[in-house]
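The values are calculated or read from the model by the stated rules, or taken from the named source; none is laboratory data. Bear in mind that the values here come from a model prediction, so they are computed numbers and not experimental data. Cβ sites come from the backbone with ideal geometry, for glycine too, and all protein chains shown count toward neighbours. Quick note on the areas: whole protein, heavy atoms, side chains included, nothing else; ligands and nucleic acids left out. Shrake-Rupley method; radii C 1.70, N 1.55, O 1.52, S 1.80 Å.
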Amino acid sequence: MRIALLQSSGRPGSVVENLKVLDEAAGRAAAAGAGLLVAPEMFLTGYAIGDDIAHLAEPADGDSADAVADLAGRHGLAVAYGYPERDGESVYNSAQLISADGVRLANYRKTHLFGCFERDHFTPGDQAVVQAELGGLTVGLMICYDVEFPENVRAHALAGTGLLVVPTAQMHPFQFVAESMIPVRAFENQMYVAYVNRVGREGEFEFVGLSTLAGPDGVARARAGREEELVFADADPAFVAASREANPYLKDRRPGLYGSLA
């Protein structure tokens with residue numbers, strides 16, 4: 001399956017404009033043969049928009065989800081994107097995966113909130129592993145800071161995730177996460193990791209770009225720079241299976257020794 005990584009901060013504060021950016025990117029991705037387009041964390045609204053987060057938050061099946069489902073169907077590819085999700089009085093930092101048929105496949109709420117900004121605006125999710133089947137792969141969802149906890153990613157590996165999709169808002173000075181940690185996470189868990197970042201300055205934050213898709217061999221199949229880009233890479237289910245057979249990490253675990261970690 002070919003995957004398109006949309007490295008962009010869109011138009012912070014405007015859902016309408018961000019849907020247009022996503023629609024245009026979906027057209028380009030489909031023309032290049034992609035089966036999945038991944039957009040960054042909080043793409044639909046912008047990240048550093050303060051109290052507008054709560055004002056623009058929508059249910060997982062709200063109008064924006066319908067709009068993404070429509071563009072996914074028109075362009076014939078699945079779309080994963082970040083957005084603020086409203087559920088009653090709570091607002092979650094969420095990511096949703098919609099199929100090429102416009103069906104909502106999975107919705108994930110960020111479990112590990114980063115810094116005072118996120119803790120002031122969001123409720124943490126409580127489900128670590130959220131998955132769906134797509135293109136012959138078990139696809140898992142995670143958001144930004146979540147991937148920096150090895151227990152989180154290992155839980156996905158043990159649950160069979162072959163492609164971990166990680167919309168992110170990675171900021172300076174933490175670019176080493178994109179450069180070094182993501183390939184290691186992919187290798188130690190024998191999975192593909194699609195890490196898709198915002199870019200440029202937004203409020204008090206400077207997003208570093210460097211979106212990447214790393215393979216189960218720890219090799220980056222695609223790597224964006226520091227500007228807005230749409231980059232492509234392929235994820236092969238057969239290579240996931242072969243890597244897990246060749247690399248014994250998952251088979252050689254001794255869980256009885258790790259109980260104190262939890």
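Would you mention how many residues in segment 158-191 are β-branched (Val, Ile, Thr), open to solvent by less than 10 Å² (accessible area, probe 1.4 Å) and either without any contact (Cβ under 8 Å) to a residue 12 or more places away in the chain or not in a loop (DSSP other than H, G, I, E, B) (or both)?
4
What single numbered condition from (1) farther than 19 Å from ARG198 by Cβ; (2) in contact with a helix residue (DSSP H, G or I) (Cβ under 8 Å, 6 or more places away or on another chain) fails to hold for ALA242?
(2)
So which residues in segment 94-117 are more than 17 Å from the chain's Cα centre (by Cα) and under 18 Å from ALA48 (Cβ atoms)?
Within segment 94-117, GLY115, CYS116, PHE117 qualify.
Given the criteria out of contact with any helix residue (DSSP H, G or I) (no Cβ under 6 Å at 6 or more places or on another chain), in contact (Cβ under 8 Å) with a residue 60 or more places away in the chain and either open to solvent by 80 Å² or more (accessible area, probe 1.4 Å) or closer than 30 Å to GLY46 by Cα (or both), does VAL208 qualify?
Taking the combined requirement at face value, the residue does not satisfy it.
Identify all residues within segment 224-262 that are basic (Lys, Arg) and either surrounded by fewer than 14 Cβ atoms within 10 Å (Cβ to Cβ) or part of a loop (DSSP other than H, G, I, E, B) (or both); write none if there are none.
ARG226, LYS251, ARG253, ARG254
Scan the strands (runs of 3 or more DSSP E) fully inside segment 36-138 and keep the ones with 2 or more residues being crowded, with 19+ Cβ neighbours inside 10 Å and not aliphatic (A, V, I, L, M).
Output list reads 78-87, 90-98, 104-109.
Exactly one of these conditions fails for GLU202: (1) crowded, with 18+ Cβ neighbours inside 10 Å; (2) modelled with pLDDT of 95 or more. Give me its number.
Tallying (1) crowded, with 18+ Cβ neighbours inside 10 Å; (2) modelled with pLDDT of 95 or more, GLU202 fails exactly one: (2).
With the requirement that a residue be open to solvent by less than 30 Å² (accessible area, probe 1.4 Å), more than 20 Å from ASP52 (Cα to Cα) and assigned to a loop (DSSP other than H, G, I, E, B), what does segment 10-35 give you?
If the condition is that a residue be open to solvent by less than 30 Å² (accessible area, probe 1.4 Å), more than 20 Å from ASP52 (Cα to Cα) and assigned to a loop (DSSP other than H, G, I, E, B), then ALA34, GLY35 are the ones that fit.
Pairs needed: first member in segment 117-135, under 20 Å from ALA80 (Cβ atoms); second member anywhere, open to solvent by 40 Å² or more (accessible area, probe 1.4 Å); C-beta distance under 6 Å; at least 6 residues apart or different chains.
Listed pairs, sorted by first residue: GLY125/ARG109; VAL129/ALA159; ALA132/LEU105; GLY135/MET1.
Taking into account only those residues within segment 1-46 that are polar (S, T, N, Q) and without any contact (Cβ under 8 Å) to a residue 60 or more places away in the chain, which is nearest to GLY225 (Cα to Cα)?
Looking at the filtered set, the residue picked out is ASN18.
Just checking, which of VAL21, VAL91, VAL79 is among the β-branched types (Val, Ile, Thr) and either within 15 Å of the chain's Cα centre (by Cα) or within 17 Å of LEU134 (Cα to Cα) (or both)?
It is VAL79.
Residues of segment 49-64 being closer than 17 Å to SER9 by Cβ and charged (D, E, K, R), which ones?
Residue satisfying the conditions is ASP52 alone.
Which condition does ALA25 not pass, out of (1) touching a strand residue (DSSP E or B) at 6+ places or on another chain (Cβ under 6 Å); (2) more than 26 Å from ALA220 (Cα to Cα); (3) of a type in the set (A, V, I, L, M), if it passes all the others?
The one condition ALA25 does not meet is (2).
Test GLU188 against the stated conditions and say whether it is over 18 Å from the mean Cα position of the chain (by Cα), at pLDDT 95 or above and among the charged types (D, E, K, R).
Spelling it out, GLU188 is indeed over 18 Å from the mean Cα position of the chain (by Cα), at pLDDT 95 or above and among the charged types (D, E, K, R).
If I go through segment 133-152 residue by residue, how many of them are among the aliphatic types (A, V, I, L, M) and out of contact with any strand residue (DSSP E or B) (no Cβ under 7 Å at 6 or more places or on another chain)?
Adding up the residues that qualify gives 0.
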